[in-house]
Amino acid sequence: MLVRKVPVFVPASPWGLRLPQKFLFLLFLSGLVTLCFGALFLLPNSSRLKRLFLAHRTQQPGLEVVAEVAGHPLAREQESPPNPAPAVPAPGEGDASSQASIRRRKVWLRRTHPTGTREMATVARSSGSTALRPQEGGIPFSFDFNAFRSRLRHPVLGTRADESKEPQSLVRAQREKIKEMMQFAWQSYKLYAMGKNELRPLTKDGYEGNMFGGLSGATIIDSLDTLYLMELQEEFQEAKAWVEENFHLNVSGEASLFEVNIRYIGGLLSAFYLTGEEVFRIKAIKLGEKLLPAFNTPTGIPKGVVNFKSGSNRSWGWAMAGSSSILAEFGSLHLEFLHLTELSGNQVFAEKVRNIRKVLRKINKPFGLYPNFLSPVSGNWMQHHVSVGGLGDSFYEYLIKSWLMSAKTDVEAKDMYYEALEAIETYLLNVSPGGLTYIAEWRGGILDHKMGHLACFSGGMIALGAEDAKEEKRAHYRELAAQITKTCHESYARSDTKLGPEAFWFNSGREAVATQLSESYYILRPEVVESYMYLWRQTHDPIYREWGWEVVMALEKYCRTEAGFSGIQDVYSSIPNHDNKQQTFFLAETLKYLYLLFSEDDMLSLEDWVFNTEAHPLPVNHSDSSSRAGGRL
Ligand code: DMJ
């Protein structure tokens, strides 16, 4: 028989537990309670739980002030700081990054919880402060839109002097024609593919592609500013309504950091700066936050692909067997990310791109050149391939534009640009036997004598940068820009369609022509008309409008279909074989640059705006707002 021994000096608990057991149980219970509360406050994304528990907490005084001025009741969602801690901390970032995130949080708290009278007065004065709309899960930061607009040197759409001078002028009719093309491209997209990323005009349906991580409506976001600029008001309202109602960010696919940045973030930022509509600012910032995990690498150089669901990242499989980040991709974030900081008050965006700059400053450059492949793990170049076309292009563009966007204060960017350009001139620039100037591609010292269509933006870039070069180089750069643009025009002029191929060569007696069918296609790309636009603004030489008009005619003849515009597979065949794709950049860039080419110079004046690499205008930082952005734009 089992006898249960109960020592007389230990009284049994009411639940039949002895005292030491009871003590241990209580200890366990209190530990559990502490853990639960700890998790409530420390876990990312705990704002929903916090609301549940803290619903009756008194609101911060600073937030009341902002909400009152904005004229909206303040929702609890607005209290979550932007950019919650990234899902996966960067290897090697450990303590430093948590310190940085505490600092960021403090900055954010200072911004959103103003306590002093000075801050309150600033908010109260700014009648144009963007509103914090609860239903949009607003970003708790106020941007003084009216003050920003008052600092611009020119009306956004210009004074349209030519219209008042001569209402029926040729240039006006040309501009109207381009506007009609935009209208047609938009209507076709709307009819057959509304909400999808791109229109397929032959099959009359939409296409999502796999670059945007499940985001939709790339054509809509890319078109917003072009519609606005062309005063297509009804269409602009349709696009805006779609963004408000249907542009959802809770997607979970893999996205290209570069493409999402230049098209979506760029498009939303421009739409905000042109209209002051809060929905664009908020969506741009929230989408920007979704891109941040791409930077979780040992060097801080982002990888090309980010997984929106897991927050993991990876390099493109084709980039040196998945080991490299691409110069043009990580080098074309600077403009947008500084504006994300400007509009959110969150330093994290600016920190990310400044770090990229730091890595690039430090690394050894072969002959002063920047190769296209860099390891985000070791920070070393992975291959010595240098190109001003694909893989390299917009890195150079963003250097000179960073300088311009900073109202000429970012001297580092300017120096990097001119140093890089000198190296390019020394090692890549060539003149063909027929007298055509071109920028070849460099492979460890050996030249490929070809130029991609993408490289044709460089005429415009060099023209744009010419004015700030050393005095003795200015005329030279102007001439160089004109010569490169002329070469790119030749690549169009030498085809049967008067549209240019994807790549053209200078060898075996052939000049400025593609040498194989696989390079003979034209996919509605903008780079050549982009250069015409800059050269026109710089010189007012009528040749650029003539050349631009040739493109308009060719687009109409060979790329216009019953249901939108399409690329063609062979520019050397006058019987077009369409590729069934109306690219988003056709509406964002090609038609916009054409429209600007036939407009007055003060429409989106280059004194006030820089265009991102998808032609989305971002404002120059004329102000003393450096303290707001925590640095220079
Ligand atoms: C655009 O998406 C951008 O201009 C990018 O920088 C390069 N390629 C396309 C247009 O050709």
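Go through the residues of segment 418-425 one by one and say whether even a single one is in a loop (DSSP other than H, G, I, E, B) and either open to solvent by less than 10 Å² (accessible area, probe 1.4 Å) or more than 23 Å from P526 (Cα to Cα) (or both).
No, segment 418-425 contains no residue that is in a loop (DSSP other than H, G, I, E, B) and either open to solvent by less than 10 Å² (accessible area, probe 1.4 Å) or more than 23 Å from P526 (Cα to Cα) (or both).
Is segment 287-299 home to any residue that is open to solvent by less than 10 Å² (accessible area, probe 1.4 Å), away from the ligand (no atom under 16 Å from the Cβ), assigned to a loop (DSSP other than H, G, I, E, B) and not hydrophobic (A, V, I, L, M, F, W, C)?
Yes, that holds for at least one residue.
Are there any pairs, at least 6 apart or on different chains, whose C-beta atoms fall under 8 Å, with the first in segment 563-586 and farther than 21 Å from S216 by Cα and β-branched (V, I, T) and the second within 14 Å of the ligand (Cβ to nearest atom) and open to solvent by less than 10 Å² (accessible area, probe 1.4 Å), and if so, which?
I568/L499; I568/Y522; V571/L499; V571/G500; V571/P501; V571/Y522
Go through (1) among the β-branched types (V, I, T); (2) open to solvent by 10 Å² or more (accessible area, probe 1.4 Å); (3) within 30 Å of T485 (Cβ to Cβ); (4) assigned to a loop (DSSP other than H, G, I, E, B) one by one and return the number of the condition V377 breaks.
It fails just one condition, (3).
For the structure I just gave you, tell me whether G389 is in a loop (DSSP other than H, G, I, E, B) and surrounded by 21 or more Cβ atoms within 10 Å (Cβ to Cβ). Reasoning before the result, please.
Numbers: in a loop (DSSP other than H, G, I, E, B): yes; surrounded by 21 or more Cβ atoms within 10 Å (Cβ to Cβ): yes.
Yes.
List pairs: first residue in segment 255-273 and closer than 17 Å to G209 by Cβ, second residue assigned to a helix (DSSP H, G or I) and open to solvent by 10 Å² or more (accessible area, probe 1.4 Å) anywhere in the structure, Cβ distance under 7 angstrom, at least six positions apart or on different chains.
Taking only residues 6 or more apart or on different chains, the pairs are L257/E329; F258/E329.
So is E166 crowded, with 16+ Cβ neighbours inside 10 Å, modelled with pLDDT under 75 and not β-branched (V, I, T) or not?
No: the conditions fail for E166.
Do you know which of the residues in segment 565-590 that are more than 16 Å from L199 (Cα to Cα) and among the aliphatic types (A, V, I, L, M) is farthest from the chain's Cα centre (by Cα)?
Result: I575.
Looking only at segment 566-585, count how many residues are within 16 Å of the ligand (Cβ to nearest atom) and either over 23 Å from I262 (Cβ atoms) or open to solvent by 10 Å² or more (accessible area, probe 1.4 Å) (or both).
Within segment 566-585, the subset within 16 Å of the ligand (Cβ to nearest atom) is 566-568, 571, 579, 581-585.
Right, trim to either over 23 Å from I262 (Cβ atoms) or open to solvent by 10 Å² or more (accessible area, probe 1.4 Å) (or both) and you get 568, 571, 579, 581, 583, 585.
Within segment 566-585, residues that are within 16 Å of the ligand (Cβ to nearest atom) and either over 23 Å from I262 (Cβ atoms) or open to solvent by 10 Å² or more (accessible area, probe 1.4 Å) (or both) number 6.
Considering (1) closer than 21 Å to E527 by Cα; (2) open to solvent by 10 Å² or more (accessible area, probe 1.4 Å); (3) outside any helix (DSSP H, G or I), say which one M451 fails and leave the rest.
(2)
If you take the residues in segment 612-633 that are modelled with pLDDT of 50 or more and closer than 18 Å to G276 by Cα, which one is nearest to the ligand (Cβ to nearest atom)?
Checked segment 612-633; the qualifying residue nearest to the ligand (Cβ to nearest atom) is H616.
How many residues does segment 189-227 hold that are within 25 Å of P617 (Cβ to Cβ) and assigned to a helix (DSSP H, G or I)?
12
With respect to the numbered conditions (1) hydrophobic (A, V, I, L, M, F, W, C); (2) away from the ligand (no atom under 16 Å from the Cβ); (3) out of contact with any strand residue (DSSP E or B) (no Cβ under 8 Å at 6 or more places or on another chain); (4) in a helix (DSSP H, G or I), which one is the sole condition not fulfilled by L480?
Against the list (1) hydrophobic (A, V, I, L, M, F, W, C); (2) away from the ligand (no atom under 16 Å from the Cβ); (3) out of contact with any strand residue (DSSP E or B) (no Cβ under 8 Å at 6 or more places or on another chain); (4) in a helix (DSSP H, G or I), L480 comes up short only on (3).
Just one of L399, L338, L404, L360 is away from the ligand (no atom under 16 Å from the Cβ), in a helix (DSSP H, G or I) and closer than 20 Å to I462 by Cα; which is it?
Just a single option satisfies the conditions, and that option is L404.
Within segment 312-333, can you find the residues that are touching a residue at least 12 places away in the same chain (Cβ under 8 Å), open to solvent by 10 Å² or more (accessible area, probe 1.4 Å) and more than 16 Å from G379 (Cα to Cα)?
Within segment 312-333, S312, N313, W316 qualify.
Could you grab me the full set of residues in segment 486-541 that are within 21 Å of K592 (Cβ to Cβ), part of a helix (DSSP H, G or I) and within 16 Å of the ligand (Cβ to nearest atom)?
C488, Y492, E527, V528, V529, E530, S531, Y532, M533, Y534
So S188 clears everything in (1) out of contact with any helix residue (DSSP H, G or I) (no Cβ under 7 Å at 6 or more places or on another chain); (2) open to solvent by 10 Å² or more (accessible area, probe 1.4 Å) except one condition, right? Which one?
Against the list (1) out of contact with any helix residue (DSSP H, G or I) (no Cβ under 7 Å at 6 or more places or on another chain); (2) open to solvent by 10 Å² or more (accessible area, probe 1.4 Å), S188 comes up short only on (2).
Could you check how many residues of segment 246-268 are within 16 Å of the ligand (Cβ to nearest atom), under 24 Å from Y228 (Cα atoms) and of a type in the set (S, T, N, Q)?
Qualifying residue count for the region: 1.
With respect to L591, is the statement that it is open to solvent by less than 10 Å² (accessible area, probe 1.4 Å), in contact (Cβ under 8 Å) with a residue 40 or more places away in the chain and either closer than 24 Å to I262 by Cα or within 15 Å of the ligand (Cβ to nearest atom) (or both) true?
yes
The values are calculated or read from the model by the stated rules, or taken from the named source; none is laboratory data. As the structure is a computational prediction, the values presented were derived from the model and not from experiment. Backbone-built Cβ (ideal geometry, glycine too); neighbour counts: all protein chains shown. SASA here: full protein model, heavy atoms, side chains in, ligands and nucleic acids out. Shrake-Rupley method; radii C 1.70, N 1.55, O 1.52, S 1.80 Å.
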